[in-house]
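Please treat every number below as a calculation from the coordinates, not as lab data. As the structure is a computational prediction, the values presented were derived from the model and not from experiment. Methodologically, a virtual Cβ is constructed for each residue, glycine included, from the backbone with ideal geometry; neighbour enumeration extends over all protein chains shown.
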Amino acid sequence: MKAEKSKLYRKEGLYGYLFIAAPVIGFLIFSMIPVAYSSYAAFTDWDGLSQMNFIGLENFKALLHDEYFHKAMFNTIFLMIGIPIGIILSLLLAMGLNRGIWATSTFRVIYYIPVISSIAAIAILWQWAFNGDYGLINQFLGYFGIEGPNWLSDKDTVKPGLILMTVWKGLGYTMLLYLAAIQSVPKTYYEAAKLDGANAFQIFRHITLPMVKPVTFFIVVTSIIGGAQVFTEINIMTPTGGPEYSSATVVFYIWEKAFGNFQLGYASAMAMVLGIFIFVVTLIQFKINEKTSYDMD
Amino acid sequence: MKNKKFNILFLALFLMIGAVLSGCSNGGSASEDSGGKKELTFMFRGQPQEQAAYKAVVKKFEEANPDVKVNIVVTAGDQYDTKLQAAIAGRKIPDVFFYNPGQLKAYVNSNVLRDITEYVEGSEGVNLDDIWETGVAKYQYDGKETGTGAIYGLPKDLGPFALGYNKTMFEKAGIALPDKDKPMTWDEFINVSKQLTQDTNGDGKMDQYGTGFNVNWALQPFVWSNGADFVDETYTKVTVDDPKFVEALQYFADMQNKYKVTPSIGEAQSLDTYQRWLRGQLAFFPVGPWDMGTFEKELKFEYDLMPWPAGSTGESAAWIGSLGIGVSKTSKNPEAAAELAMYLSADQEGQQALIDQRVQIPNSVKVAEEWAADTSIVPENKQEFLDIINDYGRSHSTDFTYNGEWLDYFFANVQPVLDGKKTAAEYTKEVQPKMQELLDKAVKQEEQSKK
């Protein structure tokens, strides 16, 4: 009896490994090997064409004084302002839709369409919307007598413009996550709170918000990781990195260096710094989350 | 029973890994003989109508050379460089591919491009004398300088960037048409532009302008015709702080800020001025050969070409763009690959197909001259394109440097000058050191690549 069970266990374990083998092998081949290769390249003067020469920390030293890298880093972080805005808006939307208002599922579809659309198509669409003369946005502003700026070619408006777009694009996804989270909050908590005489804000503050906290944490972590790697929309909407390089992100700069200027070694060094940056930020978030989390049970 | 299941699972897994691995090693592989045929990979980019034209030419090449099979890899314009670079880094270089003259040195020094001089000179189909000398020179490199030495490619086309004008607008305003031989002076250009900058429907807002140039493409003719350049003759020193350069840049910015002959600030984005030109709101606008097809269909007015206004040298200047067709050094069938490259560049029928699409001018001097004289093809003064190639056209400065980063810096930060927030003198003084630093880096990179 016992022997039988352990054999079954063993077999199941084997199956289990087999099932995870495909993604693990894929990850090793397509992620780990390139990462290792690029990590080495970061310490060389590789131009992507000829052989690599080891140059130690030269690339990293150069990074410290690279004005464009600092600018790109700043831009990348600046564009993340969209993350809290998106989170607040989608939480509000999710709560609205949760009240069972008219045509809820239609709204869900509408908000979700941008999420499943190709980012390239969206970027082109918004490029037109932001056009200074004929763009939808400026036409709309025109109805209120506001003369809109030429969004993408002014260094002061290009970042807000991009933030607007990313918020719009991510809204549906975040909203859906929140909606699911809100719907799984046990009704009994709300009933109990109402019996105790809690008002709407108190209910939100002390029940809804804590209950959706794991989702918020997930969204913040994934958004920051994604936000650090913004590239496609920048490349399409401002192919030169924007006026005075005001919309270039780190990944955009890496790409320009690697594929435009034959500096793959240097680009790898930047990629490594970016990778470490993301890792550290994520680590800090997990630490903070640990400290402030609590159990319902 | 269970065992069998297990085996199947195992098999499936192995197949999957196998597929992944082989996909890795075989992807985009070049020139494996299959069934006795020589296989070539041809990688290129282009607008949809260009793609169709090139595919047709390749098909014809295959018919003429039954022992050769050509695999076509085509990408959208903005992804091309990335894909090519990735192919090179992975040492899976396509046998025949398009490349930018600016990449010539880097690709030769790192053994990406093959010297095809012997094939070109020994070829029956290609008469080297009949292809624009300027065009071939763009792909010659003697190990030190470009423009002479071994041939590392042939021009796909030459793109002389001419200045066009709205003929109908001139006629309506009763202004004499620009001379097609004698360039305007800068003052004359401003005067005519001022006369044509009008409010035609009387709503108090300007709706017709002299011009609206995109600085990235249109600053060069002004700089060069004023006797200045971005870089010195040795291509090692950035010369944007030269007073003549400053003057040209200031003049360029003044068109908008001082003379007000262009759409106002904030409307100068290239798409917009291009749209305005299409709508007939601009008197002058740059025209490249690739524009002819669109302009023939879209423009509701007549247009023609003229020399660029001339600065202090009294002579026009314009740039000639180009895209080259090169052969990979690692190609296993270099002869067939060189044949294909030559066929694409110089084959008469293939060329005709592209010319009919109105996307380029003929690579053959003889055909081009006949084409320019053919008045049924708009614009009438196509000779201006040929004049640029023969007389006053120049290559982009970045064609001679290892990379274009130093010049990108100039254009990326120039907006405040165009907006009138900075003077040209202030700006050029400010960016010169930084540009120099980037150029120094490119020079150093070039030296290293030769090792």
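Is segment A:67-292 rounded, prolate or oblate when judged by the Cα gyration tensor, a ≥ b ≥ c being the square roots of its eigenvalues, rounded requiring a/c under 1.5 and prolate requiring a/b larger than b/c?
Oblate is the answer for segment A:67-292, as a/c is 1.5 or above yet b/c matches or exceeds a/b.
When a/c reaches 1.5 or more, the comparison of a/b and b/c decides; with that in mind, is the protein assembly as shown rounded, prolate or oblate per its Cα gyration tensor?
oblate
Mind checking which aspartates and glutamates have their C-alpha under 16 Å from B:Lys182, skipping anything on the same chain fewer than 8 residues away?
Candidates past the 8-residue exclusion: B:Asp304, B:Glu315, B:Glu384, B:Asp387, B:Asp391.
Restricting to DSSP loop positions (anything but H, G, I, E, B) with no more than 12 other Cβ atoms inside 10 Å of their own Cβ, which GluC sites (Glu not before Pro) remain in segment B:89-124?
The qualifying sites are B:Glu124.
Only loop residues by DSSP count here, and only those with at most 10 other Cβ atoms within 10 Å; note down the chymotrypsin sites (Phe, Trp or Tyr not before Pro) in segment A:130-220 that meet that.
Qualifying residues, ordered by number: A:Phe144.
Please report the relative contact order for chain A, taking Cα pairs under 8 Å with a sequence separation of at least 6, and give it as a percent rounded to a whole number.
Relative CO of chain A lands at 29 percent.
Using a 10 Å cut-off around each Cβ of peptide A:11-21, what is the average number of partner chain Cβ atoms that fall inside?
The mean count of partner-chain Cβ atoms within 10 Å per residue comes to 2.
Using alpha carbon centroids, what distance separates segment B:366-380 and segment A:117-137, in Å?
39
Taking the simple approach of a point 7 Å from Cα along Cα-to-Cβ for both A:Thr232 and A:Phe60, what is their distance in nm?
According to this spin-label approximation, the distance is 3.3 nm.
Can you give me the long-range amide H partners of B:Thr41? Hydrogens built in the peptide plane at 1.01 Å from N, cutoff under 5 Å, separation of 5 or more residues or another chain.
Distant-sequence amide H within range of B:Thr41: B:Ser31, B:Asn71, B:Asp95, B:Val96.
Mind checking the dipole of segment A:2-63: about its Cα centre, +1 per Lys or Arg Cβ, -1 per Asp or Glu Cβ, Debye to the nearest 20?
Around 700 debye, computed over segment A:2-63.
Where does the Debye-calculated log10 I(q)/I(0) of chain B sit at q = 0.08, 0.10, 0.13 Å⁻¹, using only Cα point scatterers of equal weight, no solvent?
For the requested q values the scattering log ratios are -0.53, -0.79, -1.22.
If you plug each phi of segment A:95-111 into the Karplus form 6.51 cos²θ - 1.76 cosθ + 1.60 with θ = phi - 60°, what whole-Hz ³J(HN,Hα) values come out, in order, with x for Gly and Pro?
5, x, 5, 6, 6, x, 5, 4, 6, 4, 5, 4, 4, 4, 4, 4, 6
If you build the Cα gyration tensor of segment A:134-226 and take the root of 5 times each eigenvalue, what three semi-axes come out, in whole angstrom, biggest first?
39, 18, 11
How crowded by other chains is A:46-54, given as the mean number of beta carbons from other chains within 10 Å of each beta carbon?
5
Using the alpha-carbon centroid of each, what span in Å lies between segment A:191-257 and segment B:289-351?
Going from one Cα centre to the other spans 47 Å.
What residues have an amide H closer than 5 Å to that of B:Gly46, excluding those fewer than 5 places away on the same chain, when H is modeled at 1.01 Å from N in the peptide plane?
Amide H neighbours of B:Gly46: B:Thr75, B:Gly77.
Could you order the peptides B:52-63, B:343-354 from most to least packed, using the average number of other C-beta atoms within 10 Å per residue?
Ranked by mean Cβ neighbours within 10 Å, highest first: B:343-354, B:52-63.
Expressed as a whole number of Å, what is the distance separating the alpha-carbon centroids of segment B:197-225 and segment B:70-125?
After rounding, the separation between the Cα centres reads 38 Å.
Give me a comma-separated list of calculated 3J(HN,Hα) values for segment B:223-228, in order, Karplus coefficients 6.51, -1.76, 1.60 applied at θ = phi - 60°, integers in Hz, x for any Gly or Pro.
Whole-Hz 3J(HN,Hα) from phi for segment B:223-228: 4, 5, 6, 9, x, 10.
In straight Cα distance, which aspartates and glutamates are under 16 Å from B:Lys205, not counting same-chain residues fewer than 8 positions off?
The qualifying aspartates and glutamates are A:Asp133, A:Glu147, B:Glu267.
Please arrange B:Arg276, B:Arg114, B:Arg91 by counting, for each residue, the other beta carbons lying within 10 Å of its beta carbon, fewest first.
B:Arg91, B:Arg276, B:Arg114
Taking loop as defined by DSSP and a crowding limit of 14 other beta carbons within 10 Å, which trypsin sites (Lys or Arg not before Pro) in segment B:176-223 fit?
Filter output for segment B:176-223: B:Lys205.
Give me the aspartates and glutamates in straight-line cross-link reach of B:Lys38: C-alpha distance below 14 Å, same-chain residues under 8 apart excluded.
B:Glu62, B:Glu63, B:Asp67, B:Asp95, B:Glu335, B:Glu339
Between A:Ile288 and B:Gln79, what is the spin-label point distance in nm, taking each point 7 Å from the Cα along the Cα→C-beta axis?
Modelled inter-label distance: 3.7 nm.
Tell me, what ³J(HN,Hα) does each residue in segment A:242-257 have, in order and in whole Hz, if you take phi through Karplus 6.51 cos²θ - 1.76 cosθ + 1.60 with θ = phi - 60° and put x for Gly and Pro?
x, x, 6, 6, 7, 10, 5, 9, 4, 5, 4, 5, 4, 4, 4, 5
Between A:Glu244 and B:Ala56, what is the label-to-label distance in nm when each label sits 7 Å out along the Cα-to-Cβ direction?
4.9
If you project the alpha carbons of segment A:2-63 onto the principal axes, what extent comes out on each, in Å, largest first?
Result, largest extent first: 64, 22, 17 Å.
Place a +1 charge on the Cβ of each Lys and Arg in segment A:67-292 and a -1 charge on the Cβ of each Asp and Glu, then give the dipole magnitude about the Cα centre in debye, rounded to the nearest 20.
740
If you count, for every residue in A:255-263, the Cβ atoms of partner chains within 10 Å of its Cβ, what is the mean?
Across A:255-263, the average partner-chain Cβ count within 10 Å equals 6.
Which cross-chain or sequence-distant (5 or more) residues have an amide H under 5 Å from the amide H of B:Leu163, H modelled 1.01 Å from N in plane?
B:Val287, B:Met306, B:Trp308
Decide, for segment A:190-297, between rounded, prolate and oblate: order the square roots of the alpha carbon gyration tensor eigenvalues as a ≥ b ≥ c, take rounded if a/c falls under 1.5, and otherwise choose prolate if a/b is larger than b/c, else oblate.
prolate
Mean-square fluctuation check for chain A, GNM, Cα pairs under 10 Å: which of A:Lys61, A:Lys187, A:Lys169 is largest?
A:Lys187
Placing unit charges on C-beta atoms (Lys and Arg positive, Asp and Glu negative, everything else neutral), compute the dipole magnitude of the protein assembly as shown about its Cα centre in debye, rounded to 20.
4660
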